[in-house]
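Enquirer: Handing you a structure now.
Bear in mind these aren't lab numbers, they're just calculated from the coordinates by the rules spelled out. Just so you know, these numbers come straight off a predicted model, no measurement behind them. When we count neighbours, we look across all protein chains shown, and the Cβ atoms used for this are built from the backbone with ideal geometry, even at glycine.
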Amino acid sequence: MRKLAIGAALSGALALAGIAAPAASAATSTPDLKFTDVTVNNGKAVVVGTKTVNVPVTYTLTRPVDVDIEGTKSFAGVILYRGTLKSLQNLVGPDDDPTCTTTATTATTVTESCSEKVVIDQEYGLLENADAAAWKAGGMYTYSDGTSSDDFLSINAGTAIWGNLGTAQLQRAAKLTADASPEPVAKGKTITVKGKLTRADWDAMAYKGYSGQKVVLQFRAADSKTYTNVKGITSGTGGALSTTVKASKSGYYRYVFAGTTTTAAAKATGDYIKVK
């Protein structure tokens, strides 16, 4: 792994707050790379809680046949960013080299099928709540070279990013609980099902109550494998959930949250009630 080298390249891109067209003197250092067929997380939303998430990315890379991207002095891969390349709001990338397999060659180019893991180090607070939004995929190329001794240091380095190659929706993870009581209960008596809806607060690095959200209570009979909707309710203060139903048969009660654009869907584990 070369987390330091790749991380430094990403930090440099962030520090530049977007990369303009290369200056004439550096143009020859940026090869003509083409990133196509970029797919992030198998086309699904990226759900992040308060732990590190490794996001699978696949793509096709076409490079000049005389350009060797060997990972020590040069690196190419896909990054995810929010905002524009001219005004970056956030950026994440891989910690390791992509895995690439050559699929075609011509006299001038090599085409490779590549896969990698983009790392979201949320354990270190990489995201804030505003980052629950649509992100873009970009292809990045970095290089560095130089000489050093006790008396002299010379470093030649650069970064290029090709943007708008794909999209990814980042969502805050949600959690649901369900607790039905009393248990056991006589048929026809009232059952109270309580629970709580929470979601990841990236600013606080904790799960907090999510109020004002539509949640559905579902029931699955003990002799069935299918849940059916019972009623819909709205989460209250601190994400609290509570409703009542009449006991009819033994089975499992759970809450289901469909999710929003910024928050992922969630299902509680079914809580069993024995009806006498």
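Enquirer: Per 0.36 nm of contour for each residue apart, how much would the distance between Thr261 and Ala133 grow if the chain were fully extended, relative to their Cα-Cα spacing?
Expert: Answer, rounded to one decimal: 45.3 nm.
Enquirer: Here's another thing I want to ask about it. When N is the residue count of the stretch 68-141, what does its C-alpha Rg come to as a fraction of 2.2 N^0.38 Å?
Expert: That ratio works out to 1.32.
Enquirer: Whole-Hz Karplus ³J(HN,Hα) for the stretch 132-141, in order, using 6.51 cos²θ - 1.76 cosθ + 1.60 and θ = phi - 60°, x for Gly and Pro?
Expert: Working through the residues one at a time gives 6, 6, 7, 10, 10, 9, x, x, 10, 10 Hz.
Enquirer: Taking K and R as +1 and D and E as -1, what net charge do the other residues with C-beta under 15 Å from the C-beta of Lys34 add up to?
Expert: My count for the surroundings of Lys34 gives -2.
Enquirer: Against the longest principal axis of the chain, how steep is helix 3-16, in degrees 0 to 90 to the nearest 10, with axes from Cα atoms?
Expert: 80 degrees
Enquirer: Given H placed 1.01 Å from N in the peptide plane, which residues other than close sequence neighbours of Leu88 have an amide H under 5 Å from its amide H?
Expert: Correct list: Gly18.
Enquirer: Along the positive direction of the dipole of the chain (beta-carbon charges: Lys, Arg +1; Asp, Glu -1; about the Cα centre), which of Ser113, Ala45, Val65 reaches farthest?
Expert: Ala45
Enquirer: Work out from phi, with θ = phi - 60° and the Karplus expression 6.51 cos²θ - 1.76 cosθ + 1.60, the ³J(HN,Hα) of each residue of the stretch 105-113, listed in order in whole Hz, and give x for Gly and Pro.
Expert: So the J values, rounded to whole Hz, are 9, 10, 5, 10, 9, 10, 10, 10, 9.
Enquirer: Below 28 Å, Cα to Cα, which lysines can Lys194 reach? Residues fewer than 8 away in the same chain don't count.
Expert: Lys51, Lys175, Lys208, Lys214, Lys225, Lys231, Lys246, Lys249, Lys267, Lys274, Lys276
Enquirer: Only Lys, Arg, Asp and Glu count, each charged at its Cβ (+1, +1, -1, -1), so figure out the dipole size of the chain about its Cα centre, rounded to 20 debye.
Expert: Values: 29 positive and 23 negative charges, 552 e Å.
It works out to roughly 2660 debye.
Enquirer: Quick check: net charge around Asn156, other residues with Cβ under 12 Å of its Cβ, Lys/Arg +1 and Asp/Glu -1?
Expert: Details: positive: Lys73; negative: Asp145.
Result for the neighbourhood of Asn156: 0.
Enquirer: For the stretch 223-229, just list the computed ³J(HN,Hα) in residue order, Karplus coefficients 6.51, -1.76 and 1.60, θ = phi - 60°, integers in Hz, with x standing in for Gly and Pro.
Expert: Going residue by residue, I get 9, 10, 10, 10, 8, 10, 5 Hz, with x marking Gly and Pro.
Enquirer: I want the local charge near Thr52. Using Cβ-Cβ distances under 9 Å, sum +1 for each Lys or Arg and -1 for each Asp or Glu among the other residues.
Expert: On the way: positive: Lys51; negative: Asp121, Glu123.
Residues close to Thr52 contribute a combined charge of -1.
Enquirer: Using a Cα-Cα cut-off of under 20 Å, which aspartates and glutamates could be cross-linked to Lys44, ignoring same-chain neighbours fewer than 8 residues away?
Expert: Glu116, Asp121, Asp131
Enquirer: Just to be sure I understand the curve: with the Debye formula and one point per C-alpha of the stretch 174-273, what is log10 I(q)/I(0) at q = 0.22, 0.25 Å⁻¹?
Expert: Listed by q, the Debye log ratios stand at -1.07, -1.30.
Enquirer: Separate question: What value, in deg cm²/dmol to 500, does the helix sum -39500 (n - 2.57) over DSSP H runs of n ≥ 4 give at 222 nm once divided by the residues of the chain?
Expert: -1500 deg cm²/dmol
Enquirer: While we're here: When the chain is treated as a GNM, springs tying every alpha-carbon pair under 10 Å, which of Gly188, Gly236, Gly163 comes out with the largest mean-square fluctuation?
Expert: With Cα springs under 10 Å in the chain, the top fluctuation among Gly188, Gly236, Gly163 is at Gly188.
Enquirer: Separation of the stretch 223-276 and the stretch 100-178 by C-alpha centroid, Å?
Expert: 40 Å
Enquirer: Pull up the cross-link candidates among the aspartates and glutamates for Lys73, meaning alpha carbon to alpha carbon under 16 Å and not fewer than 8 places away within one chain.
Expert: List returned: Asp95, Asp96, Asp97, Asp145.
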